[in-house]
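The values are calculated or read from the model by the stated rules, or taken from the named source; none is laboratory data. As the structure is a prediction and not an experimental result, all values here were calculated from the model. No Cβ is skipped: glycine too gets one built from the backbone with ideal geometry, and neighbour counts run over all protein chains shown.
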Amino acid sequence: MNQSQAHTRSRATQRRVEAGASGSCDSAGARVWMPLAPRSGADELNHHMSIDDIRIDWRAGLACLSLALATTACGDDGSSTGDETGTGTETGGDMGLEIVGTYTDDFGGMHEISEDTWINGDSTFAIVEYKNQADWLVAQNGEDNEFNPGLWSRFDWAWDGDTLYYCQSVFDGATIEDALEGSADATDLEMGCGSFAWTNLTP
C-alpha cells in the first residue's frame, strides 16, 4: 500500500451507523460511528477497522441505558409489572375488623375485641373470619371456655345510630360451616336474636 492509499484510508468518510432507526440501542448500550472507505465508481477500497476507529457517544449511551432500565421495570404496554392487587378483603386483611375495642354490655360484662380474639369474661373466641359489610364474624370457642369448648360461634352486630349491639347467633356449631349458617334479624333489636333482645355494647 502506497502513502497516498494509506492517507485516503485514514481520511475515509465516516457514516453514522445507529442501532435502530427510532433511537434504540445496540448491545453495548451506546451508539457508534464506523469509518467507511469512499467509493470510486464501481471500485471500493478495502478497509480494516480497529478499536480506535470507533467513537462512542456516551451521552446517547446513558440515555439508552435509562430507557432499557425503564423498559425492564414496565410491561410491554408501559404499565408497572408490580403487584397492585390489594390484600384487604371483606373477610379480613388490611381493612380491619370494624368493631375492635373494649366494651361493657347491658349486664356489666366486659368484652375485649381485637382482630383475632373476642374475650368475654373468662370465655375466649378465636376469630377466623369476618365480613364488615355484612356485620358478622365466626370464631372458635376456647378449649377452656365453660360452655361449648372447642365448638364454633357466630357473632352478628348492628348499629342503631352510634350505638352498637351484638347477637351471638350461633354458640355451639360443630363445624365452621355450621356457624356460617347462623343469622340474626338486625331490624328487630328487641326480639331478633333468636327470639331474644340484642345486647348493647358500650365503649
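Looking at this structure, is E129 without any contact (Cβ under 8 Å) to a residue 60 or more places away in the chain and exposed (fewer than 13 other Cβ atoms within 10 Å of the Cβ)? Here the answer is no, as E129 does not meet what is asked.
Among the candidates D156, D144, D178, single out the residue that is in contact with a strand residue (DSSP E or B) (Cβ under 7 Å, 6 or more places away or on another chain), modelled with pLDDT of 95 or more, surrounded by fewer than 17 Cβ atoms within 10 Å (Cβ to Cβ) and among the charged types (D, E, K, R). Can you show your working first?
Working: D156 fails: surrounded by fewer than 17 Cβ atoms within 10 Å (Cβ to Cβ); D144 fails: in contact with a strand residue (DSSP E or B) (Cβ under 7 Å, 6 or more places away or on another chain).
Criteria check complete, one pass: D178.
Among the conditions (1) modelled with pLDDT of 95 or more; (2) outside any loop (DSSP other than H, G, I, E, B); (3) over 17 Å from T199 (Cα atoms), the only one that R59 does not satisfy is (1).
For F147, all conditions in the list (1) assigned to a strand (DSSP E or B); (2) free of Cβ contacts under 8 Å to residues at least 40 places away in the same chain; (3) among the aromatic types (F, W, Y) hold save one; what is the number of the exception? F147 satisfies every listed condition except (1). Within segment 173-203, the residues that satisfy the criterion of being aliphatic (A, V, I, L, M) and part of a helix (DSSP H, G or I) are I176, A179, L180. Scanning segment 94-144 for residues that are assigned to a loop (DSSP other than H, G, I, E, B), more than 21 Å from A184 (Cα to Cα) and touching a Phe, Trp or Tyr at 6+ places or on another chain (Cβ under 8 Å) gives a single hit, G142. Scanning segment 108-126 for residues that are under 19 Å from T202 (Cβ atoms) and free of Cβ contacts under 8 Å to residues at least 24 places away in the same chain returns G108, G109, M110, E112, I113, S114, I119, N120, G121.
Answer with yes or no whether V170 is more than 30 Å from the chain's Cα centre (by Cα), crowded, with 20+ Cβ neighbours inside 10 Å, assigned by TED's automatic domain parsing to the domain that holds G192 and outside any loop (DSSP other than H, G, I, E, B). Steps first, answer last, please.
Numbers: more than 30 Å from the chain's Cα centre (by Cα): yes; crowded, with 20+ Cβ neighbours inside 10 Å: yes; assigned by TED's automatic domain parsing to the domain that holds G192: yes; outside any loop (DSSP other than H, G, I, E, B): yes.
Considered against the rule, which asks whether it is more than 30 Å from the chain's Cα centre (by Cα), crowded, with 20+ Cβ neighbours inside 10 Å, assigned by TED's automatic domain parsing to the domain that holds G192 and outside any loop (DSSP other than H, G, I, E, B), V170 comes out as yes.
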